[in-house]
Amino acid sequence: MEPVKQILRLHQDGFSIKAIVRLTGISRPTVKKYLRRIHQAGQENLAPTTGNEPSLSATVYNVDTVPSASPRHQALLDHFSYAETELTKPGATKQLLWLEYKDLHPDGYGYSQYCYHFSQWLRHKEVVMHLEHKAAETIMIDFAGKKLRYTDLASGEVVECQVFI
């Protein structure tokens, strides 16, 4: 959000697009795109330091998604909010979620298109954080899904075990 406020501040101070690019290090097409969106929303005179981050953010960033008029596509997007929460559960896969979707919508999208649209939908939802660390300084572990089981041949007992990644 800070680069957008900086672009708006420099634009309001009368800097050219070329100067804004040089000062911010943001590409020329991106600066022009942000300024065009701000202009179209009528927020050119908005003070970048007044705490208007939500409206400025919605103006600049949230116009990448194009609403679809197709009821078939809208049903798919409605399914994705459910699928996103289900995918966090152990044992859930995209293929299982797609099978559920096809049961509800037999005329729905095929698996490859389902995966493509789901990844596009998640791209706008995901928050990514880059962690920098020195080698061997920290260790990060995670469990690998459901517990595995093996049968003890001597006693016949089923023993569950954890798998770490």
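The values are calculated or read from the model by the stated rules, or taken from the named source; none is laboratory data. These numbers come from a predicted model, not from an experiment. Neighbour counts run over all protein chains shown; Cβ positions are idealised from the backbone, glycine included.
State whether the residues of region 110-126 include one that is part of a loop (DSSP other than H, G, I, E, B), at pLDDT 90 or above and either among the hydroxyl-bearing types (Ser, Thr, Tyr) or not assigned by TED's automatic domain parsing to the domain that holds Arg9 (or both). Taking every residue of region 110-126 in turn, at least one turns out to be part of a loop (DSSP other than H, G, I, E, B), at pLDDT 90 or above and either among the hydroxyl-bearing types (Ser, Thr, Tyr) or not assigned by TED's automatic domain parsing to the domain that holds Arg9 (or both).
Determine if region 100-109 includes at least one residue that is at pLDDT below 90, of a type in the set (Asp, Glu), surrounded by 13 or more Cβ atoms within 10 Å (Cβ to Cβ) and assigned to a helix (DSSP H, G or I). Within region 100-109 (the criterion being at pLDDT below 90, of a type in the set (Asp, Glu), surrounded by 13 or more Cβ atoms within 10 Å (Cβ to Cβ) and assigned to a helix (DSSP H, G or I)), the answer is no, since none of the residues qualifies. Number of residues in region 1-42 that are part of a loop (DSSP other than H, G, I, E, B), modelled with pLDDT of 85 or more and either small (Gly, Ala, Ser) or surrounded by 12 or more Cβ atoms within 10 Å (Cβ to Cβ) (or both): the value is 6.
Filtered by the rule that a residue be without any contact (Cβ under 8 Å) to a residue 24 or more places away in the chain, closer than 17 Å to Thr93 by Cα and part of a loop (DSSP other than H, G, I, E, B), region 135-150 gives Ala144, Lys147.
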